[in-house]
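Note sheet for the following structure.
Bear in mind that the values in this text are calculations on the coordinates, not laboratory data. These numbers were taken from a predicted model, which means no experiment stands behind them. No Cβ is skipped: glycine too gets one built from the backbone with ideal geometry, and neighbour counts run over all protein chains shown.
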Amino acid sequence: MDDHRDQPIETERHAARRMLPVLVRTAVFITLWLVAACTGPRQGATAQEISAAVGRTDAGLTAGPTGGPPVGSGAYLGLDDRERHRLLDAARVAFVATTNATTAYTVVPQNIDAEPTAVAATPAGPRETRADGSICRAIQLSVTKQEQTTTGTLTFCQAPGSADLKPATTH
Amino acid sequence: MPAPARAQGLGEALKQGLYDDATLTFHVRSYYFDRTNPSPPNNVAWAGGGWVGYETGWFFDALRFGVVGYTSQPFAAPPGTDGTVLLAPGQLGYTVLGQAYGKFKLWGQEFTGYRQLINQPEVNPQDNRMTPNTFEAYTLGGQLGDFSYFAGYVAQEKTRNETQFRNMAQVAGAPDGVSEGMVLGGLTFAPDDSFKARLSSYHVPNILTSGYADAAKIFSLTDDIDLRVSGQFMVQGSTGGHLLTGQAFSTWVGGVDLDLLWGPVTLTALYTQTGSAAAYRTPYGTWAGYSSMIVRDFNRANEGAAVVGIKFDLAAVKLPAFALTTNVAFGNGALDAATGAPLSTNNEYDFTLDYLFANSAVDWPKWLRPLWIRGRAALVDQYQNGALTTVRDYRVILNYEWKFGGKKH
């Protein structure tokens, strides 16, 4: 939003007294978050490998309307958690596709003014059964984020009896 | 991967930096803005323009330079409907050198000097018109393990439709003659893919000081469904000689945001509350509060805002390339902090429809694939003293970008 309004006033002492309990609660809140983050489960290699396949560093999730790392840092073009999820969803469709049609999804960011990210997956070869019984297929992945398109090809494999799709190699 | 420039001769390094690794960008934007206010004048304009930028590669893996020129020109701009912020006052076109910077990189840390973009919670491009905010600043950013940092001194800012850079006191609205810069610093902690926390601070001596913190964590509920829980808190007050208004003031905002992420759908529910002592000021960019909507920020003194929303990738209903975003905000409790008098109770209904040619099922020519079209509609209902007034806001935005490079591209 872009309107600026005249601001009313209050003495700093008054406001500080009123804000103290809020500040204490916020400090506790942030501490709990940090503890949760440090002790929580870590994500597997899949997300990292998908990021690598499309040549983007991992920026973690983008929180807040103006989220994102500093401009100029390599992480600025990274995929967030949502974008990686949708890219993997597209890869799942491409893995079982009977044609070479592209599956494309649109990811709207949290920042309401930012451009949506386009993610797409296209079969880059036939499905093959390997000696261990797993079924594999090369998938071309593409991401257009912040006006930059990057592509890469990743071979995904499905173990016998499993519904999980896991990346095998990066080309 | 190119050979390290350090091992090359000067001529080869110049060729690599000025051509092979350099990037030339043309960004074209068309923006139609039509806002009907409760009382005249309305704000209507159609503008075209964008920017042209050139950035060198890294010389000796340590130095790079860039310039970006921005322009916005009127296509249709009736003289009686000024105020869209697409054009300069008077519905006039403008052109400005918004970025002109040098970067110095050492051990992965980057120093950037002079005109540049900054993207921090309270100092940011606010790129929701024709051209963004840019800043004359001297900044350092980089990553250290799970932490990334950003710090610097911002001398001046060019707001979206201005052609002059003004000092940070003037941008905040200080009386003529008051001149101050800003010191800012920010720290981001992102130990893994599912968690991120940020802390930042902004200080303009004698004018305004702010602190901002947020954190977000993603929990996997099932293989297909995630829950993102986010919280934010920010404080702000006058400082030093209180030169902004001549008197001391301070306030705060807290917010909680829950997002349910399931395939093509994201459901959002959030709440923010602003302290009763003053409204939260946002002179240096888009407000970072979760309840920042298309037309209104719900950050007046004592204002609470509940927002529900949905983001829907319409590929799920056989309409690939389309995405629909809707948010509805219900405000309450806003006061004039000086008098304690109630202000209007505002509700806002936002709709955004995006179409990305890159994702279309239609086999568009390759040159059309960078095109992105966005349509927006926003309705604000304002209730006060038993009366209802309404703001209607419609926008159509086109973006198209070419990037050219040397051998690298």
Approximate spin-label separation B:Ala377-A:Asp164, in nm, with each point projected 7 Å along Cα-to-Cβ
4.7
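Note the full-extension length gain between B:Asn332 and B:Leu106 as 0.36 nm times their separation in residues minus their Cα-Cα distance, in nm to one decimal. Before the final figure, lay out each step's value.
Details: separation 226, 0.36 × 226 = 81.36 nm, distance 5.01 nm.
Stretched fully, the B:Asn332-B:Leu106 segment lengthens by 76.3 nm.
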Please rank B:Trp367, B:Trp58, B:Trp107, fewest neighbouring Cβ atoms within 10 Å first, as an exposure proxy.
B:Trp107, B:Trp367, B:Trp58
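Could you work out how much longer the chain between B:Leu199 and B:Tyr19 gets when fully extended? Use 0.36 nm per residue separation minus the Cα distance between them, nm to one decimal.
Values: separation 180, 0.36 × 180 = 64.80 nm, distance 3.86 nm.
Gain on stretching B:Leu199 to B:Tyr19: 60.9 nm.
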Binned at 5 Å starting from 0, the alpha-carbon pair-distance distribution of segment B:153-249 in whole percents comes out as 3, 12, 17, 16, 13, 11, 9, 7, 5, 4, 2, 0
Out-of-range pairs (alpha-carbon distance over 30 Å; input B:Lys105/B:Lys366; B:Lys15/B:Lys196; B:Lys158/B:Lys311; A:Lys145/B:Lys158; B:Lys105/B:Lys158; B:Lys311/B:Lys366)
B:Lys105/B:Lys366; B:Lys15/B:Lys196; B:Lys158/B:Lys311
What's the extension gain from B:Leu398 to B:Leu63 if we count 0.36 nm per residue and subtract their Cα-Cα distance?
117.2 nm
Taking only Cα atoms and a 10 Å spring cutoff, compute GNM fluctuations for chain B and point out the largest among B:Val154, B:Val229, B:Val253.
B:Val229
Segment B:1-128: C-alpha pair distances exceeding 19 Å, %
62
Once both label points are put 7 Å beyond Cα along the C-beta direction, the B:Tyr114-B:Trp364 separation in nm becomes 3.6
With springs connecting C-alpha atoms under 10 Å apart, model chain B as a Gaussian network and identify which of B:Ile225, B:Ile373, B:Ile294 has the largest mean-square fluctuation.
B:Ile225
Report the residue, chosen from B:Gly304, B:Gly98, B:Gly108, that carries the largest GNM mean-square fluctuation when chain B is represented by alpha-carbon nodes joined by springs under 10 Å.
B:Gly108
Kirkwood hydrodynamic radius (C-alpha pairs) into Stokes-Einstein, chain B, 37 °C and 0.692 mPa s, D in µm²/s:
140
